[in-house]
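Chemist: Here it is, the structure in full.
Each value in this text was obtained by applying a stated rule to the coordinates, not by laboratory testing. Owing to the predicted nature of the structure, the values given are computational and were not obtained by experimental measurement.
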């Protein structure tokens, strides 16, 4: 499980989706910059831990080549709205559309995102959060 602060990632990256992905990769893999010329060097002093969570960030990173940086940034932003206490109590990885600010404006971007799925009950499903943890 990865705990992150979406607002801090967004602010530090200035909304640049490529930079958001670099920060996400750095935080997920616990990377540190090799030198002051490393692209991660400018983020070394920031603490990106928070209460937003991803249950399986490794699976998202592994499959990131299949998706655009914008889709990944949207995935991270939507995941940050979920309640960690709801996940810890009931292992709920979905998000009710009702909890999404400006949901009526974002429905099309959610439907067009290959990482997110909106079902008939207005629940947003996260592609790599519902990954089974055991092999059958």
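Chemist: Could you grab the relative contact order for region 2-126? Cα pairs under 8 Å, six or more apart, rounded to a whole percent.
Modeler: Rounded, it is 24 percent for region 2-126.
Chemist: Residue 102 to residue 58: extension gain in nm, 0.36 nm per residue of separation minus the Cα-Cα distance?
Modeler: That works out to 12.9 nm of additional length.
Chemist: While we're here: Rounded to two decimals, what is the ratio between the C-alpha radius of gyration of region 2-126 and 2.2 N^0.38 Å? All intermediate terms of the calculation are to be shown ahead of the outcome.
Modeler: Values: Rg = 14.8 Å, N = 125, 2.2 N^0.38 = 13.8 Å.
Region 2-126 yields a ratio of 1.07.
Chemist: Sticking with this structure for a sec: Pulled fully out, how much extra length does the chain show between residue 31 and residue 68, if you take 0.36 nm times their separation in residues and subtract their Cα-Cα distance?
Modeler: Numbers: separation 37, 0.36 × 37 = 13.32 nm, distance 2.17 nm.
11.1 nm is the gain from fully extending residue 31 to residue 68.
Chemist: Enter the angle in degrees (range 0 to 90, nearest 10) between the Cα long axis of helix 17-29 and the first principal axis of the Cα atoms of the chain, meaning the one along which they spread out most.
Modeler: So the helix axis and the longest Cα principal axis differ by about 80 degrees.
Chemist: At 25 °C and a viscosity of 0.890 mPa s, what translational diffusion coefficient does Stokes-Einstein give for region 1-43, taking Rh as the Kirkwood radius over Cα pairs? Give it in µm²/s as a whole number. Intermediate results must be reported in sequence, preceding the final value.
Modeler: On the way: Rh = 10.7 Å.
Translational D for this selection: 229 µm²/s.
Chemist: OK, next. At 0.36 nm per residue, minus the direct Cα-Cα distance, what do residue 88 and residue 122 gain on full extension? Give it in nm, one decimal, please.
Modeler: Additional length available on full extension: 10.1 nm.
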